[in-house]
Every structure is written in structure tokens, then in C-alpha cells.
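Below is one structure; the comments refer to it alone.
The values are calculated or read from the model by the stated rules, or taken from the named source; none is laboratory data. Everything numeric here is computed off the predicted structure, so don't read it as measured data. No Cβ is skipped: glycine too gets one built from the backbone with ideal geometry, and neighbour counts run over all protein chains shown. Note: areas computed on protein heavy atoms with side chains; ligands, DNA, RNA excluded. Shrake-Rupley method; radii C 1.70, N 1.55, O 1.52, S 1.80 Å.
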Amino acid sequence: MVGVPRWMMGNMASLKNLMMMLKPLMAEPRRSIIKILGEGVKGTNEIYQALQERGFNMPRSTLYYHLSALEDMGIIEMAGYREEGGGAPEKLWKLKIRKIGIDLVTGEIFRE
């Protein structure tokens, strides 16, 4: 890595693990999904509409793929269901964690 401060060189494994964790989170549309859920609990349809307003024109199956990946990473979680109009209930989503970082003393990655 270029430009890594000397004081972090001892924790390169932790830094590498953190970067591996952050890379898929910072890519779109996952970054936008995280920002949308940062405003509070949202239904799948609300997330889809907000992404479309931000210029992401994707099939719903792609949204479900990204929601599932974020859930598998432990970043978001299902908050319940919304039942409207007699159809299938809509999943509600929320952020599970808001912060990821490195403890500079121990080198451990933390999530809050």
C-alpha cells in the first residue's frame, strides 16, 4: 500500500482485513442503500424508489441481491414486515451497524 503511515505498519493485517471489508460496502449501489437506511427503517419498495431517484435503474432482483449481501455481511437486518393491499408482505430494513473501524492499540476491527 502506498502512503501507509509508519505507525500503522505493525497492524497491516488488520488494515488489510478492514479494507477487504470496506471495499464491497463503498461500491454502488450498496453505498447508496446504506445512506438510505441511515435515515431510518425503510421498506424494500422505498429503497428501490430512492435508488431510482438517484439514477440507479436496475431490476428488483438486483436490489434483492444487494440487500441479501449487506445482510450477510451483518451491515443491515430485517426489521419486520409491512402488510398492505392483501399481497405479499413487504420486508422492512434497518442498519445493524453504523461504524466500522480499527482499534489503534489492539489492531482489532470494531463495529458499532
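Taking the stretch 55-112 only, how many residues are open to solvent by 70 Å² or more (accessible area, probe 1.4 Å) and part of a loop (DSSP other than H, G, I, E, B)?
Counting residues in the stretch 55-112 that are open to solvent by 70 Å² or more (accessible area, probe 1.4 Å) and part of a loop (DSSP other than H, G, I, E, B) gives 15.
Let's see how each residue does on (1) without any contact (Cβ under 8 Å) to a residue 12 or more places away in the chain; (2) not small (Gly, Ala, Ser):
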{"residue": "Glu53", "(1), (2)": "yes, yes"}
{"residue": "Phe56", "(1), (2)": "no, yes"}
{"residue": "Ser61", "(1), (2)": "yes, no"}
{"residue": "Ser68", "(1), (2)": "yes, no"}
{"residue": "Ala79", "(1), (2)": "no, no"}
{"residue": "Ala88", "(1), (2)": "yes, no"}
{"residue": "Leu92", "(1), (2)": "no, yes"}
{"residue": "Ile97", "(1), (2)": "no, yes"}
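Going by what's in this entry, would Asn57 be described as polar (S, T, N, Q), touching a strand residue (DSSP E or B) at 6+ places or on another chain (Cβ under 8 Å) and more than 20 Å from Phe110 (Cβ to Cβ)?
No, not satisfied.
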